[in-house]
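Peer 1: Below you'll find the structure I mean.
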Amino acid sequence: MTELRRATKSLDTVRRAREMLGSYYKRAERRREGAPLAWCMAGVPSEVLQAFDLSCEWPENFGTVCAARGVAAELCERAEGEGYSQDLCSYVRNSIGYVSRLLELGQVPPEAPRGGLGTATMLLGSGALCDPRIKWFQSLSSQYLPLPVFHIDPMSPPHDSHVDDPRIEAHYKEILSETLHEQVAFLERTLGRPMDTERLRAALGNAQETIALLWEIQSLRRAVPCPMGSEDFFTGGVVPLLFMLGERDAVEYFRCLRDEVRDRVARGVGVIPDERFRLLWMGIPPWYNLGFFNSLGELGAVFPAETSYYVGAPVEIDLSDPLEALVDRTWKRAVWITRWGAEVIPENLSPSGFSQPGTRLIRQWVHDYRLDGAVMHRTRSCRAVSWGQIHIKNQLEEEGIPSLIFESDMADPRSWADTIIMGQIQGFLEAIAAGRRERARAS
């Protein structure tokens, strides 16, 4: 059983993440009094931030840390006390509760993990995947922190668009290019300095290496036994992908991780000693209870693949004009995803380095990863990543693969019902085992 516990990491590289990713984890030491600092949402291209040498904080990641350290529930409750519905994103409620408490005390709340968030001088938002995020920073700036806000919300083609039509390509790339140029202009006005094109070019080159390494790592995870599970991906892969894409530290970290995973495959070393169930994970994980994955490992289950924060195949780009290269990378990745079936991916034209896999690709994973089932986390306060689960469940059934959907939340632990959820998991695994026995008798 889990109750609530932190994950036990399998890979040495992941255990050393804080040491190896110093440019992120030591950022609190680099906060300069009065220096510009942006609070950013996932979906804001970190390569552009690096081109301005702009310090930044990520309130969504802060929400995961608060959840893991056991303070998110209190901060969410504070936001709810100020009129914000419990149905709203728990990252939003966590950050609003934090800011409310910060203003009340006049200093960083003592319970805030890792010294809290640095003092923001601007807010950079993104509407990628999640429309309510537009209101998140709008609420912060109008009710709590009177700061300049810039929000990108790239328009994505419908899933049934003819993405090979050059007119459609030109249309969406023009819109995205205008959006990114507007963001650059906002940063130049706010910071009083031009973007460093060479820094952007270098960051995009680093990002290309990172994406290629992640693609290779994901392919290596097909091996039996599985060399890397979801507990290591979520604890050691999300931060450098979402918040450090373009930094050299991230490249070297993922290269080290790739080498360790490749070595495990060569030696036949798996995450767990008795691998009996290979499962797909779909949804944001419960950050306050990543030990949940270890508990499933104790039942013989491992997760070689997840749909969350998926990078997809690398694409080639021309770095001679780095901002347009970012546009081109974004479009080519969207085309790749669309060709694999994007009917449950409403927005895939985000300039960040991640999205979700297409439906037909997930069906292909059944064979590539030798999957026995899928576990889908219906995240109560993040419907954007949950609403396609029934469709995927039906698609997997056509491949002969059962799915379990359970409900809780990504950052609010009040939604976790351990006895019920673990009972569902155990019953699901028993059903998979019973199905195997039935097929064996039939053959």
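Peer 1: Scanning for something touching a residue at least 60 places away in the same chain (Cβ under 8 Å) and either out of contact with any strand residue (DSSP E or B) (no Cβ under 9 Å at 6 or more places or on another chain) or surrounded by fewer than 15 Cβ atoms within 10 Å (Cβ to Cβ) (or both), does the stretch 37-45 turn up at least one residue? Break it down stepwise before answering.
Peer 2: From the stretch 37-45, those touching a residue at least 60 places away in the same chain (Cβ under 8 Å) are 37-45; that's our starting set.
Going one step further and asking which of them are either out of contact with any strand residue (DSSP E or B) (no Cβ under 9 Å at 6 or more places or on another chain) or surrounded by fewer than 15 Cβ atoms within 10 Å (Cβ to Cβ) (or both), we end up with none.
The answer is no, given that none of the residues of the stretch 37-45 is touching a residue at least 60 places away in the same chain (Cβ under 8 Å) and either out of contact with any strand residue (DSSP E or B) (no Cβ under 9 Å at 6 or more places or on another chain) or surrounded by fewer than 15 Cβ atoms within 10 Å (Cβ to Cβ) (or both).
Peer 1: Tell me, yes or no, whether the stretch 317-338 has at least one residue that is assigned to a loop (DSSP other than H, G, I, E, B), crowded, with 24+ Cβ neighbours inside 10 Å and either of a type in the set (D, E) or not assigned by TED's automatic domain parsing to the domain that holds R436 (or both).
Peer 2: No.
Peer 1: Taking the stretch 371-385 on its own, how many of its residues are under 18 Å from P285 (Cα atoms), at pLDDT 95 or above and part of a loop (DSSP other than H, G, I, E, B)?
Peer 2: Here the count works out to 0.
Peer 1: Same structure, new question: Evaluate the stretch 272-287: report whether one residue or more is closer than 23 Å to S415 by Cα and assigned to a helix (DSSP H, G or I).
Peer 2: yes
Peer 1: May I ask you to list the residues in the stretch 238-265 that are under 12 Å from the mean Cα position of the chain (by Cα), surrounded by 22 or more Cβ atoms within 10 Å (Cβ to Cβ) and within 16 Å of R221 (Cβ to Cβ)?
Peer 2: Passing the criteria: only L241.
Peer 1: Ok, one more. Return yes when F186 is under 28 Å from E57 (Cβ atoms), touching a residue at least 60 places away in the same chain (Cβ under 8 Å) and among the aromatic types (F, W, Y) and no when it is not.
Peer 2: No: the conditions fail for F186.
Peer 1: Follow-up. For the list (1) closer than 30 Å to L349 by Cα; (2) at pLDDT below 95; (3) not in a helix (DSSP H, G or I), I need the number of the one condition that L147 fails.
Peer 2: So the condition that L147 fails would be (2).
Peer 1: Which members of the stretch 129-152 meet the condition of being of a type in the set (G, A, S) and in contact (Cβ under 8 Å) with a residue 40 or more places away in the chain? Give the derivation first.
Peer 2: Filtering the stretch 129-152 for residues of a type in the set (G, A, S) gives 139, 141-142.
The answer is S139, and nothing else.
Peer 1: Identify, by number, the condition in (1) of a type in the set (G, A, S); (2) more than 19 Å from K9 (Cβ to Cβ); (3) not in a loop (DSSP other than H, G, I, E, B) that A250 doesn't meet.
Peer 2: The one condition A250 does not meet is (2).
Peer 1: Need the failing condition index for L299 against (1) crowded, with 23+ Cβ neighbours inside 10 Å; (2) modelled with pLDDT of 95 or more; (3) touching a strand residue (DSSP E or B) at 6+ places or on another chain (Cβ under 8 Å), just the number.
Peer 2: (1)
Peer 1: Select from the stretch 386-411 the residues that are in a helix (DSSP H, G or I) and surrounded by fewer than 20 Cβ atoms within 10 Å (Cβ to Cβ) and list them in ascending order. Talk me through it step by step, then tell me what you get.
Peer 2: Just the residues of the stretch 386-411 that are in a helix (DSSP H, G or I), to begin with: 389-398.
Listed by number, the residues that qualify are I390, H391, K393, N394, E397, E398.
Peer 1: May I pose another question? Scan the stretch 347-356 and give yes if some residue there is surrounded by 17 or more Cβ atoms within 10 Å (Cβ to Cβ), of a type in the set (D, E) and more than 25 Å from E209 (Cβ to Cβ), otherwise no.
Peer 2: Checking the stretch 347-356: at least one residue is surrounded by 17 or more Cβ atoms within 10 Å (Cβ to Cβ), of a type in the set (D, E) and more than 25 Å from E209 (Cβ to Cβ).
Peer 1: Sticking with this structure for a sec: Suppose we keep only residues that are crowded, with 23+ Cβ neighbours inside 10 Å and among the aromatic types (F, W, Y) within the stretch 209-237. Which one would you say is farthest from I284 (Cα to Cα)?
Peer 2: If we take residues in the stretch 209-237 being crowded, with 23+ Cβ neighbours inside 10 Å and among the aromatic types (F, W, Y), then F233 is farthest from I284 (Cα to Cα).
Peer 1: Sort through A202, A128 and tell me the only one that's at negative phi, surrounded by 18 or more Cβ atoms within 10 Å (Cβ to Cβ), out of contact with any Lys or Arg (no Cβ under 8 Å at 6 or more places or on another chain) and at pLDDT below 95.
Peer 2: From the options A202, A128, the qualifying one is A128.
Peer 1: Name the residues in the stretch 379-418 that are aromatic (F, W, Y) and over 17 Å from the mean Cα position of the chain (by Cα), would you?
Peer 2: Answer for the stretch 379-418, where residues must be aromatic (F, W, Y) and over 17 Å from the mean Cα position of the chain (by Cα): F406, W416.
Residues are listed down the side, and each one gets a yes or a no for (1) under 18 Å from the mean Cα position of the chain (by Cα); (2) among the hydrophobic types (A, V, I, L, M, F, W, C); (3) farther than 25 Å from C130 by Cα:
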| site | (1), (2), (3) |
| --- | --- |
| S23 | no, no, yes |
| P36 | no, no, yes |
| G43 | yes, no, no |
| A51 | no, yes, yes |
| N61 | yes, no, no |
| C66 | yes, yes, no |
| R69 | no, no, yes |
| A79 | no, yes, no |
| Y91 | yes, no, no |
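Peer 1: Among what's in the stretch 76-99 and is assigned to a helix (DSSP H, G or I) and in contact with an Asp or Glu (Cβ under 6 Å, 6 or more places away or on another chain), pick the residue that is nearest to D409 (Cα to Cα).
Peer 2: Only one residue fits best here, namely S90.
Peer 1: Can you tell me which of (1) within 27 Å of Q50 (Cβ to Cβ); (2) crowded, with 17+ Cβ neighbours inside 10 Å; (3) under 24 Å from the mean Cα position of the chain (by Cα) is the one P157 doesn't meet?
Peer 2: Only one criterion is unmet by P157, namely (1).
Peer 1: Please tell me if P351 is touching a Phe, Trp or Tyr at 6+ places or on another chain (Cβ under 9 Å), touching a residue at least 40 places away in the same chain (Cβ under 8 Å) and either at negative phi or in the same structural domain as S230 (by TED's automatic domain parsing) (or both).
Peer 2: no
Peer 1: Same structure again: Which condition number does P194 fail, the rest of (1) under 28 Å from P59 (Cα atoms); (2) outside any strand (DSSP E or B); (3) in contact (Cβ under 8 Å) with a residue 24 or more places away in the chain; (4) of a type outside the set (K, R) being met?
Peer 2: That leaves (3) as the condition not met.
Peer 1: Mind listing whichever residues of the stretch 99-154 are within 23 Å of the chain's Cα centre (by Cα) and among the acidic types (D, E)?
Peer 2: Once the filter is applied, which keeps residues that are within 23 Å of the chain's Cα centre (by Cα) and among the acidic types (D, E), the stretch 99-154 yields D131, D153.
The values are calculated or read from the model by the stated rules, or taken from the named source; none is laboratory data. All figures in this text were calculated on a predicted structure; none of them were measured in a lab. Reconstructed Cβ throughout: ideal geometry from the backbone, glycine too, with neighbour counts over all protein chains shown.
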